[in-house]
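Taking it in order: structure first as structure tokens, then the write-up.
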Amino acid sequence: MGRTACTEHQCLYNGALGLPNLLLRGTIERTVFKRLRKTILKIHNAIILPKFLYGSENWTLTALQRRRIEAAEMKLLRPLAGYNLYDHKTNDYIRCELRITGILDKIDEYRRNWLSHLQRMPQNRIPFNLIPL
């Protein structure tokens, strides 16, 4: 069977040219990865964070625990942003690029909200009596 000659556009579509086909493949991979990144971030924000932060307003975190929590968070976020450890990007830079708030910041926010809730609470309530102010 003989092949018929095709125009450059048809060859790009059929994948007959080498270099343009690689460029097209790279574009498709980047687009798919961007969509996958958005999906993973949605799962992170909708499922992982609430599950992890449940009850965090009452935690007492040591400095070692805070470092380990941040390290675990960055282990997930760094590849999503397309970086590795050797790129030397700061954690704040990666969070800013992905437009998310850090887990430790959310824990601190939850604790502040719980403390303000306790301060508004009547003094005869059980949670108010359990936690010294």
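Remark: the residue 46-residue 98 segment gains 17.2 nm on full extension, using 0.36 nm per residue and subtracting the alpha carbon distance. Each residue of the stretch 40-46 was assigned a 3J(HN,Hα) from its phi angle through the Karplus curve 6.51 cos²θ - 1.76 cosθ + 1.60 (θ = phi - 60°); the sequence is 5, 5, 5, 5, 4, 6, 8 Hz, with glycine and proline shown as x. Dividing the convex hull volume of the alpha-carbon atoms in the stretch 53-133 by its residue count gives 102 Å³ per residue.
Values quoted throughout were computed directly from the atomic coordinates according to the rules given, and no laboratory measurement underlies them. Values in this document were obtained by computation on a predicted structure and should not be read as measured data.
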